[in-house]
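What follows is a short report on a single structure.
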Amino acid sequence: MFFKISLLVVFFVLMLAIGVYCRKTGSSVDNFVLGGRSVGPWLSAFSYGTTYFSAVIFVGYAGQFGWRFGISATWIGLANSLVGCLLSWLLLGKRTRAMTNHLKSTTMPDFFELRYGSVNLKLAASLIIFVFMIPYTASLYNGLSRIFGMAFNIDYRICVIAMAALTGVYVIVGGYMATAINNVIQGVIMLGGVIAVVVSVLSGLGGFSEAFRALSQVGEGGIYTSLFGPDPGSLLSVMILTSLGAWGLPQMVHKFYAIKDDSSIKSGAVISTLFAFVIGCGAYFLGGFGRLFDSPAIRNASGAVIYDSIVPHMLSSMSDLLIGIVVVLIMSASMSTLSGLVMASSSTLTLDFIRGTLVKDMSEKKQVALMRIFLVFFIAVSAGIAIWQHSSAVSFIAQLMGISWGAMAGSFLAPFLYGLYWKRTTTASAWACFIFSVALMVSNMFLKFIASPVTAGAIAIVAGLVICPVVSLLTKKPDPARVEEIFSCYEAKEIPSGARRSPLTAK
């Protein structure tokens with residue numbers, strides 16, 4: 001217990017100290033939200049990777065899909081690193097930085113307004129983020145509760161409140177730069193923790209060969225050690241949602257807005273890919289051995305498997321020191337993702353929904369103050385939902401990551417991606433993606449005509465990539481002069497961070 005508590009105390013003090021250290025960097029909107037658009041490759045890469053992987057992945061997804069797919073679940077981690085990170089940086093990084101600098105855009109909804117010339121499109125995007133971000137934020141606490149229950153046997157509510165308060169302090173005080181620096185520390189902890197946990201669990205099973213042999217005896221024909229597992233179709237759906245879906249999430253794309261130059265994008269792509277490979281493959285590979293730990297501890301009264309209990313049960317027999325490392329690992333993963341989500345939510349609500357719409361004239365000082373207020377609001381509401389969900393035994397919140405990612409990525413990915421590359425993309429096509437994805441995910445949540453929300457989310461993402469170009473070709477072309485001016489940002493080799501918004505794109 002001494003080791004576990006000591007590690008947590010050191011971790012908490014370090015996070016708070018960095019928040020205080022970065023307090024002067026959050027004086028302006030650009031600095032508070034984007035770190036002055038001068039964030040280097042290491043900070044950007046670790047911010048991207050740590051925002052990507054949370055307790056939902058480590059505990060929920062690794063446990064559930066490791067149980068369902070066996071060792072083949074490792075494909076999900078591989079797809080996360082190659083598609084969710086490497087391709088994302090290569091295809092979106094440079095163009096996102098160039099166009100958002102040129103348009104002077106600070107958020108994804110702001111980009112939609114300036115790229116497509118529609119204030120209503122910005123407001124709709126803000127509303128989608130507001131609705132679907134809070135439940136996803138609340139779901140982060142679910143995995144954390146399982147780990148803390150295993151390690152400390154303390155009240156879940158205390159854990160939620162402590163994590164929410166700590167994250168709130170360093171994000172509110174230090175803004176984006178404090179989040180980025182803390183993400184590097186959290187990322188290093190995650191890397192060391194995952195490697196230590198995988199080695200420890202495999203050692204407890206007699207080594208990799210013995211563990212693999214034992215798993216091959218489970219199920220018919222060694223299905224859980226086969227290349228693509230028992231359900232390749234569902235496996236592909238998870239890969240699409242968790243990999244391609246990252247391209248359309250505002251908290252992920254936001255990292256490309258803040259990076260300082262094009263050369264940093266190349267370095268960041270390599271760093272984030274390697275990080276995702278270790279974290280993603282390690283988490284899902286570990287979960288693939290979950291069936292070797294089958295016991296009454298992971299089943300409810302009716303005998304059904306409680307997926308969120310699998311990974312904590314796998315780790316419960318480790319030494320106190322390793323359990324302490326796991327606790328800090330899960331805390332790091334959760335807090336880094338939470339900070340990215342609440343930053344995206346508060347900046348969107350302030351800059352895209354309130355400024356210029358509800359309040360016409362708002363000074364920069366008031367904008368930063370309002371964002372800090374909304375940071376408190378989002379953290380408090382998500383913590384409240386998490387506590388309510390835990391005490392009321394309502395399970396759908398924990399599954400809402402699939403619904404949340406499906407709605408946001410299905411709505412945003414296609415119009416954002418095509419908007420960066422294709423001049424013919426129209427406002428109507430963006431609306432079509434918004435309406436289709438939200439309608440699909442919300443209706444399926446109640447009617448369940450698609451069995452899994454993960455599959456529904458994957459369908460929304462892929463469908464958007466088809467709907468956007470089809471609708472664009474069937475609707476009126478955008479104003480050629482305006483589009484040419486927007487795409488002129490790619491003619492320069494390097495886009496300065498202080499690029500001014502042109503009269504055409506400001507309309």
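The values are calculated or read from the model by the stated rules, or taken from the named source; none is laboratory data. Given the structure is predicted, the values throughout are model-derived calculations rather than measurements. For neighbour counting, all protein chains shown are included, and Cβ atoms are generated from backbone atoms with ideal geometry for every residue, glycine included.
So if I check each of 215, 123, which one is over 26 Å from the mean Cα position of the chain (by Cα) and in contact (Cβ under 8 Å) with a residue 40 or more places away in the chain? Let's see the steps before the verdict.
Values: 123 fails: over 26 Å from the mean Cα position of the chain (by Cα).
Of the residues listed, the single one that is over 26 Å from the mean Cα position of the chain (by Cα) and in contact (Cβ under 8 Å) with a residue 40 or more places away in the chain is 215.
Under 8 Å by Cβ, and 6 or more places apart or on different chains, what pairs join a residue from region 225-246 that is in contact (Cβ under 8 Å) with a residue 40 or more places away in the chain with one that is among the basic types (Lys, Arg) and crowded, with 16+ Cβ neighbours inside 10 Å?
What qualifies is 229/68; 230/68; 231/68; 234/68.
Which of (1) assigned to a loop (DSSP other than H, G, I, E, B); (2) buried (at least 18 other Cβ atoms within 10 Å of the Cβ) is the odd one out, the single condition residue 284 does not satisfy?
(1)
Within region 469-484, identify whether any single residue is under 27 Å from residue 234 (Cα atoms) and crowded, with 21+ Cβ neighbours inside 10 Å, and answer yes or no.
no
Within region 394-438, can you find the residues that are farther than 21 Å from residue 92 by Cα and either crowded, with 24+ Cβ neighbours inside 10 Å or modelled with pLDDT under 95 (or both)?
Those that are farther than 21 Å from residue 92 by Cα and either crowded, with 24+ Cβ neighbours inside 10 Å or modelled with pLDDT under 95 (or both): 394, 395, 396, 397, 398, 399, 400, 401, 402, 403, 404, 437.
Report yes if residue 344 is in contact with a Phe, Trp or Tyr (Cβ under 6 Å, 6 or more places away or on another chain), assigned to a helix (DSSP H, G or I), touching a residue at least 24 places away in the same chain (Cβ under 8 Å) and closer than 22 Å to residue 187 by Cα, otherwise no.
no
Taking residue 154 and the conditions (1) in a helix (DSSP H, G or I); (2) of a type in the set (Val, Ile, Thr); (3) farther than 18 Å from residue 258 by Cα, which numbered condition does it fall short on, given that it satisfies the others?
In the conditions (1) in a helix (DSSP H, G or I); (2) of a type in the set (Val, Ile, Thr); (3) farther than 18 Å from residue 258 by Cα, residue 154 misses (1) alone.
Quick check on my filter: what residues within region 177-212 are under 18 Å from the mean Cα position of the chain (by Cα) and either among the hydroxyl-bearing types (Ser, Thr, Tyr) or outside any helix (DSSP H, G or I) (or both)?
179
Given the criterion modelled with pLDDT under 90 and buried (at least 22 other Cβ atoms within 10 Å of the Cβ), identify the matching residue among 279, 259, 306, 310.
Exactly one of 279, 259, 306, 310 is modelled with pLDDT under 90 and buried (at least 22 other Cβ atoms within 10 Å of the Cβ), namely 310.
In region 75-110, how many residues are part of a helix (DSSP H, G or I) and more than 13 Å from residue 416 (Cα to Cα)?
Within region 75-110, residues that are part of a helix (DSSP H, G or I) and more than 13 Å from residue 416 (Cα to Cα) number 20.
In region 340-366, what residues are polar (S, T, N, Q) and surrounded by 20 or more Cβ atoms within 10 Å (Cβ to Cβ)?
345, 346, 347, 348, 350
So if I check each of 353, 285, which one is under 23 Å from residue 201 (Cβ atoms) and of a type outside the set (Val, Ile, Thr)?
285
Please go through region 212-224 and pick out each residue that is touching a helix residue (DSSP H, G or I) at 6+ places or on another chain (Cβ under 8 Å) and surrounded by fewer than 20 Cβ atoms within 10 Å (Cβ to Cβ).
Of everything in region 212-224, those that are touching a helix residue (DSSP H, G or I) at 6+ places or on another chain (Cβ under 8 Å) and surrounded by fewer than 20 Cβ atoms within 10 Å (Cβ to Cβ) turn out to be 212, 214, 216, 218, 219, 222, 223.
With respect to residue 293, determine if the residue is at pLDDT 85 or above, under 17 Å from residue 196 (Cα atoms) and not β-branched (Val, Ile, Thr).
Criteria not met by residue 293.
Evaluate the following for residue 46: is it under 27 Å from residue 226 (Cα atoms), hydrophobic (A, V, I, L, M, F, W, C) and buried (at least 22 other Cβ atoms within 10 Å of the Cβ)? Please lay out each step first, then the result.
Values: under 27 Å from residue 226 (Cα atoms): no; hydrophobic (A, V, I, L, M, F, W, C): yes; buried (at least 22 other Cβ atoms within 10 Å of the Cβ): yes.
Judged against the criteria, residue 46 is not a match.
Looking only at residues that are touching a residue at least 60 places away in the same chain (Cβ under 8 Å) and farther than 15 Å from residue 253 by Cβ in region 102-120, which one is surrounded by the fewest Cβ atoms within 10 Å (Cβ to Cβ)?
My answer is 119.
Does residue 168 satisfy the condition of being of a type outside the set (Lys, Arg), touching a Lys or Arg at 6+ places or on another chain (Cβ under 7 Å) and within 27 Å of residue 272 (Cα to Cα)?
No.
Scan (1) touching a residue at least 24 places away in the same chain (Cβ under 8 Å); (2) assigned to a helix (DSSP H, G or I) for the single condition residue 221 breaks and write down its number.
The one condition residue 221 does not meet is (1).
Within the group 107, 74, which residue is at pLDDT 95 or above, of a type outside the set (Asp, Glu) and closer than 25 Å to residue 268 by Cβ?
74
Please verify whether residue 134 is outside any helix (DSSP H, G or I) and either at pLDDT 90 or above or not polar (S, T, N, Q) (or both), treating the condition exactly as stated. Please lay out each step first, then the result.
Numbers: outside any helix (DSSP H, G or I): no; either at pLDDT 90 or above or not polar (S, T, N, Q) (or both): yes.
So residue 134 does not fit the description; no.
Filter region 1-57 down to the residues that are small (Gly, Ala, Ser) and part of a loop (DSSP other than H, G, I, E, B), then identify the one that is farthest from residue 258 (Cα to Cα). Spell out the reasoning first.
Quick first cut of region 1-57, residues small (Gly, Ala, Ser) only: 6, 17, 19, 26-28, 35-36, 38, 40, 44-45, 47, 49, 54-55.
With part of a loop (DSSP other than H, G, I, E, B) added as a condition, the list becomes 27-28, 38, 40, 54.
Values: 27: 16, 28: 14, 38: 6, 40: 9, 54: 21 Å.
Per the criteria, the residue is 54.
Would you pick out the residues in region 58-80 that are among the β-branched types (Val, Ile, Thr) and surrounded by 24 or more Cβ atoms within 10 Å (Cβ to Cβ)?
59, 76
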